[in-house]
Amino acid sequence: MSRREEIKLSDEEQLQLLESERVVVVASHGVRGWPHLMPLWYVVRDGRIWVWTYAKSQKVRNLERDARATLLVETGHEYGELRGVQIEAEATIHRDFDTVLGFAKELTIRYAEGIESVEGDGVEGLKAQTPKRVAISFEPVRVASWDHRKLGGTY
């Protein structure tokens, strides 16, 4: 077995990493041909990463032009601690009010400490933001993963 195969994360390990980290870096194709990288908060839904952002943002314009994106979630400080998942994906931009609002609630619950639902003024605040926002889901096409802890200190 190759060293590359040895350090791959299992599907379960990938999901665990994605659910434990807080930021995904999304690379889209910029208008001048250069990668456009943006860190975003996210939620994993049915094996897909979902984000939300302003509908008029550069990343949305890029994905409207070319739906291909590469996503990266990585953690670790020392080389021997590095773990990550890189996902080549096709983006779907969701503009439906209820879909975007439902996702906004889910994202808020994930990132706000100690809440299990969004109620009252919180919902009203999200409803006010929703017409200016989109939710984006990423359908994985190819996944690469690594866990350098599996190297056992030998590189």
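Every number in this text was worked out from the coordinates using simple rules, so none of it is lab data. The model shown is predicted, which means the values in this text are computed figures rather than measured ones. For neighbour counting, all protein chains shown are included, and Cβ atoms are generated from backbone atoms with ideal geometry for every residue, glycine included.
Miscellaneous remarks
- Restricting the range 112-154 to residues that are touching a residue at least 40 places away in the same chain (Cβ under 8 Å), small (Gly, Ala, Ser) and surrounded by 12 or more Cβ atoms within 10 Å (Cβ to Cβ), the residue that is nearest to residue 46 (Cα to Cα): 137
- If you go through the range 58-79 and pick out every residue that is under 26 Å from residue 127 (Cα atoms) and either touching a helix residue (DSSP H, G or I) at 6+ places or on another chain (Cβ under 9 Å) or surrounded by fewer than 16 Cβ atoms within 10 Å (Cβ to Cβ) (or both), you end up with 3.
- Verdict on residue 28 being of a type outside the set (A, V, I, L, M), more than 17 Å from the chain's Cα centre (by Cα) and not in a helix (DSSP H, G or I): no
- Residue 8 falls short on exactly one of the conditions (1) of a type in the set (Lys, Arg); (2) surrounded by 13 or more Cβ atoms within 10 Å (Cβ to Cβ); (3) without any contact (Cβ under 8 Å) to a residue 60 or more places away in the chain, and that condition is (3).
- Only a single criterion out of (1) touching a residue at least 40 places away in the same chain (Cβ under 8 Å); (2) part of a helix (DSSP H, G or I); (3) surrounded by 16 or more Cβ atoms within 10 Å (Cβ to Cβ) is not satisfied by residue 85, namely (2).
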